[in-house]
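This report refers to the structure that appears directly beneath it.
What follows draws every value from the coordinates through simple rules; no lab data is involved. Keep in mind that what you see is a predicted model, and the values were worked out from it rather than measured. All Cβ positions, glycine included, derive from the backbone under ideal geometry; neighbour counts span all protein chains shown.
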Amino acid sequence: MKFVDEFKDFISRGNVVDMAVGVVVGGAFKSIVDSLVADIIDPGIAYVVSLITGALKTAATSTVGDTSAVESVMDMSKWIIPGTSINIGNFLSAIINFLILAFIIFCVVKGLNKLNDKFKKKVEEEVTPAGPTQEELLAEIRDLLKDKE
């Protein structure tokens, strides 16, 4: 039983729980940063580099209806850069996963805090002897003052 009691004491310390929460939330936040870089920033840089180097191809190179070739190049929705795409969905998915994980961690920590508070109250009730009430102490002080006169 001593091992189990020591483990309870170890887990109930706030530092251990705080450290575990920090590691889990930090790992989840890392996935947001990774997704931002891989799905948003890197493709954006690829677009800029392709604009500078002239490697950009357009889906419409000839005139279509009343649009000229220059206007079709300026329409960014028709730009094609092989091997790149901005994946906003992946980034939003990483954010939603982070928020769900953070909420679950919040609920677990809140439950642990409630259990810890109940445990501390129970220990305090067992340890704290029933002392005199406030009225009894005041009556005792009054009697001591009367005796002193």
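A few comments on the model shown:
- Remark: spin-label model distance Ile11-Tyr47 equals 5.0 nm, labels positioned 7 Å along the Cα→Cβ axis.
- Of the peptides 27-37, 1-11, the order by per-residue mean of other Cβ atoms within 10 Å, starting with the highest, comes out as 27-37, 1-11.
- If a spin label sat at a point 7 angstrom from the Cα of Asn113 along the line to its beta carbon, the backbone N atoms of region 8-42 nearer than 17 Å would be those of 12-22, 25.
- Computed from label points 7 Å out along Cα-Cβ, the spacing between Leu99 and Lys121 is 3.4 nm.
- Summing charges over all other residues whose Cβ lies under 11 Å from the Cβ of Phe91, with Lys and Arg as +1 and Asp and Glu as -1, gives -2.
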